[in-house]
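See structure below.
The values are calculated or read from the model by the stated rules, or taken from the named source; none is laboratory data. Fair warning: this is a prediction, and the values are worked out from it, not measured in the lab. Reconstructed Cβ throughout: ideal geometry from the backbone, glycine too, with neighbour counts over all protein chains shown. These accessible areas exclude ligands, DNA and RNA; they are computed on the full protein's heavy atoms, side chains included. Shrake-Rupley method; radii C 1.70, N 1.55, O 1.52, S 1.80 Å.
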Amino acid sequence: MSSDTSIKVSAELLRTLHRIQRQRTDLKSQLERGPRQIQASAAMVAELEATVGESQEKLRKAKMAADEKQLQLKSREDRVQQLRIKLNSAASNREYTALKEQIAADEQANEVLSDEILEAYERIDGLEAERTELQEQLKRRQEEHAEFVSTVDETMKQKSESLARVEAELAEAEDQLPPPIRLEYDRIVGTRGEEALAPVEGETCGGCYQMLTSQMMNRLYLGQAVRCPACGAMMYLPEDRTVR
Ligand SMILES: [Zn+2]
């Protein structure tokens with residue numbers, strides 16, 4: 001189809017083809033969006049799972065540290081116990097006094113350690129509450145994700161069905177193109193997709209805004225096939241501008 005062809009093509013058919021092409025593009029982009037949305041939602045779940053893991057690890061380390069202090073306290077208390085036994089059998093006043101001082105110092109150190117252990121358990125309580133809260137958050141997010149996935153799946157299923165319907169409709173409309181134009185159409189659609197078609201806007205191509213000559217306008221009004229000299233789109237008159 002060169003620009004001086006006089007082959008006629010229905011503006012209504014071109015309008016219909018363009019409308020269906022646009023619907024198809026729209027449905028395809030919606031279908032591409034679905035998996036991306038699911039991926040983003042799954043990433044949010046994974047992120048929270050990692051946070052819960054970190055929280056559990058912090059708790060585990062705090063418990064280990066507290067247990068260690070407990071053991072330390074136990075062995076120090078045992079040592080004080082030993083010193084007391086020694087005290088009872090002290091051979092001299094000097095030994096007695098030295099043992100007394102040692103016991104007093106150890107007991108003071110043990111008190112400090114006991115305080116530290118109490119603090120450690122308070123910290124563990126706080127960490128446990130934090131972890132429980134995070135686990136609940138995670139459970140909620142997992143539920144939301146599952147719900148989201150099923151909604152998106154359902155939407156995708158519907159969109160896929162719509163796409164199949166639109167493609168059948170498109171094939172049917174394309175079959176109505178006169179054969180020489182069909183060849184040209186297939187070639188342009190292959191490279192430009194829905195931009196293979198463009199409505200006339202004023203006296204310009206609606207695809208690229210190239211001014212059209214009055215000769216081109218006349219041919220369009222005569223219902224002849226006209227391609228934009230700039231972008232190559234097959235042009236058609238909008239519904240409110242009828243073919244003579
Ligand atoms: Zn154009």
(Q) As I understand it, the value is the acute angle between the Cα axis of helix 11-88 and the longest principal axis of the Cα atoms of the chain; what does it come to in degrees, rounded to 10? (A) 0
Q | Separation between Cα centres of the stretch 167-244 and the stretch 12-76, rounded to whole Å | A | 46
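Apply the Kirkwood formula to the chain: the hydrodynamic radius equals the inverse of the mean of 1/r over all pairs of different alpha-carbon atoms; give it in Å with one decimal.
After inverting the pairwise mean of 1/r, the radius is 25.8 Å.
How do Leu222, Leu118 rank by accessible surface area computed with a 1.4 Å probe, from largest to smallest? Mind dumping the intermediate values first?
Working: Leu222 75, Leu118 110 Å².
So the residues, ranked largest to smallest area, are Leu118, Leu222.
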(Q) Quick check for me: using +1 on Lys/Arg Cβ and -1 on Asp/Glu Cβ, what's the dipole size of the stretch 11-236 about its Cα centre, in debye to the nearest 20? (A) 580
(Q) Could you work out how much longer the chain between Val112 and Ala65 gets when fully extended? Use 0.36 nm per residue separation minus the Cα distance between them, nm to one decimal. (A) 15.4 nm
Q: Round to the nearest 10 and report in Å² the accessible area of Met217, as given by a 1.4 Å probe over the protein chains' heavy atoms.
A: 10
Q) Nearest 10 degrees, 0 to 90: what angle lies between the long axis of helix 179-192 and the longest principal axis of the chain (Cα atoms)? A) 30
Q) Given the protein chains as shown and a 1.4 Å probe, how many square angstrom of Lys63 are accessible, to the nearest 10? A) 80
Q. By how many degrees, between 0 and 90 and to the nearest 10, does the Cα long axis of helix 93-174 differ from the longest principal axis of the chain?
A. 10
**Q.** Accessible surface, the stretch 1-149, averaged per residue in Å² (probe 1.4 Å)
**A.** 68
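So between Glu144 and Ala129, what do we pick up on full extension, going 0.36 nm a residue minus the alpha carbon distance?
Details: separation 15, 0.36 × 15 = 5.40 nm, distance 2.27 nm.
Answer, rounded to one decimal: 3.1 nm.
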Q: Whenever you get a sec, line up Glu174, Glu95, Glu101 from highest to lowest accessible area (probe 1.4 Å, protein heavy atoms).
A: Glu101, Glu95, Glu174
(Q) From the protein chains alone at 1.4 Å, what is the descending order of accessible area for Glu184, Glu201, Glu111, largest first? (A) Glu111, Glu201, Glu184
Q. Can you give the accessible area of Tyr121, probe radius 1.4 Å, in Å² rounded to 10?
A. 80
Q) Simple spin-label model, 7 Å along Cα-to-Cβ: Arg165 to Asp240 in nm? A) 2.9
Q) Rounded, prolate or oblate: which fits the stretch 73-187 when a ≥ b ≥ c are the square roots of the eigenvalues of the alpha-carbon gyration tensor, with rounded for a/c under 1.5 and prolate only if a/b beats b/c? A) prolate
Q | Summed side-chain charge close to Ile188 - residues other than Ile188 whose Cβ falls under 10 Å, Lys, Arg +1, Asp, Glu -1 | A | 0
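Just the number, please: carbon plus sulfur as a percent of the accessible area of the stretch 1-121, 1.4 Å probe, no ligands or DNA/RNA counted. Show your work: numbers first, answer last.
Details: 4070 of 8090 Å².
Carbon-and-sulfur percentage of accessible area, whole number: 50.
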Q.
In the stretch 11-236, if the dipole is taken from +1 on Lys/Arg beta carbons and -1 on Asp/Glu beta carbons about the Cα centre, which of Ser89, Ser75, Thr151 is farthest to the positive end?
A. Thr151
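Find how much the distance from Ala90 to Lys28 grows on full extension, using 0.36 nm per residue of separation minus their present alpha carbon separation; answer in nm with one decimal.
Extra length available between Ala90 and Lys28 comes to 13.0 nm.
Using a cut-off of 9 Å between beta-carbons, work out the net charge of the residues near Leu113 (Lys and Arg +1, Asp and Glu -1, Leu113 not included). Provide the component values of the computation, followed by the final result.
Numbers: positive: Lys69, Arg76; negative: Glu111, Asp115, Glu116.
So the surrounding residues net to -1.
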